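A.B. asks: Here you go, one structure.
Only the coordinates and a few stated rules stand behind these numbers; no lab work does. Values in this document were obtained by computation on a predicted structure and should not be read as measured data. Here the Cβ positions follow ideal geometry from the backbone for every residue, glycine too, while neighbour counts run over all protein chains shown.
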Amino acid sequence: MQEPSVRTSRLAIAGGFAAVILVGGIGFILGRGTAHPSPHPQTPPAITAPSPTPAPGPETAGLLDRAALLALAGSAADAFAAGDPMPTGVAEAAGKRFDLLLPFGCGGPSAEGSTLPLRWRYDTAAQTLRVTAETAEWRPREWNVPEAGIDAIRGFWIARPWSSSGTCPSQTGQAMAQGMEPIILPGQTLAIAQFLTGPDRRGDHAFTVVQRVPATAIDTSRGFRVRLIGRIARVPGGGPVRCIQPGGIDQRPICVIAASVDEVRIENAASGTPLGTWNQRTRAGGADAAASQSEG
């Protein structure tokens, strides 16, 4: 037998590789012919980055309640005590509507003959409830405003300005003496008032409700409250809030919020029931005429 030469071996190896390539190519072609056609390519959905969440903007201006008015006055007092200009938010409050609650009578009925501006009494024998809210009156110089053009300044002190609650504290939570006059500190620190001129100068001095009602049908556990509804106004020659410090820089500022009051109500704080209402239409008849509508 003849031994294969080197040349013959190389030819054999090359032929083997060629055969492998030929068989593989034929198989690839046959495979493509028998394979199922691929579906039409689909464009992948576009992926968009989520839009950034907008930063929260300022709250929409709405009805200012007791808490908002206390905050407004606090901001004004802080700026005044520091000798800074009034904050923008204070100046921009002019014209906004408000609904302010002034609770009173928390310690029970007032003593007979009391002259407190906010008071109530119940006559058991006559089964008659009498509730009175009298406005305070100031002279222009007391608020350091020019007297020219101001005929009267009338309004209410806002008692307990550290509390935003529109009712007296629960008697189950705090001990309160019954039938005693409340202790009035040497000076109140916050008031709300109308700076009256021209045809509005008369205004109303007192609002009185007299009702016949059985003792079992009235709940006085949370006292009563005055509700003032209107718009923030401007102190003549100034902004919505005027502050003073007659005792010097070590005294807490005393401030007044200027207002245009559209409606005054006296309500039973426990139930929220209005006992008497005075508005622009009834003012022409005076406070007593309006109060007579609530007698029953």
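A.B. asks: Under the classification rounded if a/c is under 1.5, otherwise prolate if a/b is larger than b/c and oblate if not, where does the range 207-269 fall, given a ≥ b ≥ c as square roots of the Cα gyration tensor eigenvalues?
C.D. replies: oblate
A.B. asks: Something else about it: For ASP262, list long-range residues whose amide hydrogen, built 1.01 Å from N in the peptide plane, is under 5 Å from its own amide hydrogen.
C.D. replies: Answer set, sorted by chain and number: ILE229, GLY230, ARG231.
A.B. asks: In addition: To the nearest 0.05, what FRET efficiency results for SER75 and ARG141 with a Förster distance of 22 Å applied to their C-beta separation?
C.D. replies: Computed FRET efficiency for SER75 and ARG141 comes out at 0.30.
A.B. asks: Going by average Cβ density within 10 Å per residue, which order do the peptides 68-75, 245-252 take, highest to lowest?
C.D. replies: Descending packing order for the listed peptides: 68-75, 245-252.
A.B. asks: How long is the gain from ILE249 to THR115 if the chain were fully straight, where each residue apart is worth 0.36 nm and the alpha carbon distance is subtracted?
C.D. replies: Numbers: separation 134, 0.36 × 134 = 48.24 nm, distance 3.25 nm.
Taking 0.36 nm per residue and subtracting the Cα distance, the gain is 45.0 nm.
A.B. asks: So between THR197 and ARG97, what do we pick up on full extension, going 0.36 nm a residue minus the alpha carbon distance?
C.D. replies: Full extension of this stretch gives 33.9 nm more.
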